[in-house]
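One structure is given below, encoded as structure tokens.
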Amino acid sequence: VAALARPFKLEAVLTHRQHQEESARKVFADAARELSRARQALADMEKVRAQYRRAMRLKQDSNGSAMELILYTRYLARLDREIGDQKHTVQTLATDKEKKREALMTALKDRKVIAKLKERYLADEDKKERDMEQKLINDVAISRYQRKQ
């Protein structure tokens, strides 16, 4: 009897929504990885800056040459600019990741709506099948009873 049941009309839509969800999931994962790499790069840059600041203080304390101190100062200034740029990049990537997370959530909800419809459809088909089987059993029981009479 199940073979006679009509197929779910929105199966193609469900498949499409599953594909959209999977694509959104991959895009979000890529954005998360990219943000993580950018944050790690920022942390590395800040670590290098801290090391060079310590080194410059040691040079100042041990009466290092003026030329060395100028070089340290210029390098630290450049590092500060690069760190500022990297912070901006991290902020941009964080915003981008959040947008992609929202897109993933939307795709997930869209797919779940169709999946819920399919679930209801299958439950309805199952109920129809059980009702038909019960009717058949009742008809057989009635006809047997009538033959005994």
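The values are calculated or read from the model by the stated rules, or taken from the named source; none is laboratory data. Quantities reported herein were computed from a predicted structural model and do not represent experimental measurements. Backbone-built Cβ (ideal geometry, glycine too); neighbour counts: all protein chains shown. Heavy atoms of the whole protein, side chains included, go into the accessibility calculation; ligands, DNA and RNA do not. Shrake-Rupley method; radii C 1.70, N 1.55, O 1.52, S 1.80 Å.
Below are the figures for this structure:
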read-out	value
Test result for ARG74, of a type in the set (Lys, Arg), open to solvent by 60 Å² or more (accessible area, probe 1.4 Å) and under 26 Å from ARG39 (Cβ atoms)	no
Single residue of ILE114, ILE83 found to be in contact (Cβ under 8 Å) with a residue 40 or more places away in the chain and over 30 Å from GLU21 (Cβ atoms)	ILE83
Condition check for ARG111: in contact with a helix residue (DSSP H, G or I) (Cβ under 7 Å, 6 or more places away or on another chain), under 30 Å from ASP126 (Cα atoms) and assigned to a helix (DSSP H, G or I)	yes
Unmet criterion (only one of (1) at pLDDT below 95; (2) open to solvent by 90 Å² or more (accessible area, probe 1.4 Å); (3) polar (S, T, N, Q)) for SER65	(2)
Top-ranked residue in segment 50-70 [being part of a helix (DSSP H, G or I) and either of a type in the set (Gly, Ala, Ser) or closer than 18 Å to ILE83 by Cα (or both); ranked as nearest to the chain's Cα centre (by Cα)]	ALA50
Filtered residues of segment 86-98 (kept if open to solvent by 80 Å² or more (accessible area, probe 1.4 Å) and over 13 Å from ARG49 (Cβ atoms))	HIS88, GLN91
Pair list, Cβ under 9 Å, 6 or more apart: segment 21-38 residue of a type in the set (S, T, N, Q), other residue assigned to a helix (DSSP H, G or I)	SER23/ALA107
Odd one out for LYS59 among (1) in contact with a Phe, Trp or Tyr (Cβ under 7 Å, 6 or more places away or on another chain); (2) open to solvent by less than 50 Å² (accessible area, probe 1.4 Å)	(2)
Tally, over segment 79-126, of residues that are within 20 Å of ALA12 (Cα to Cα) and either in contact with a Pro (Cβ under 6 Å, 6 or more places away or on another chain) or charged (D, E, K, R) (or both)	10
Among the candidates ARG17, ARG25, residue that is open to solvent by 90 Å² or more (accessible area, probe 1.4 Å), within 30 Å of TYR121 (Cβ to Cβ), outside any loop (DSSP other than H, G, I, E, B) and in contact with a helix residue (DSSP H, G or I) (Cβ under 9 Å, 6 or more places away or on another chain)	ARG25
Residue list for segment 99-149, restricted to those being open to solvent by 80 Å² or more (accessible area, probe 1.4 Å) and among the hydroxyl-bearing types (Ser, Thr, Tyr)	TYR145
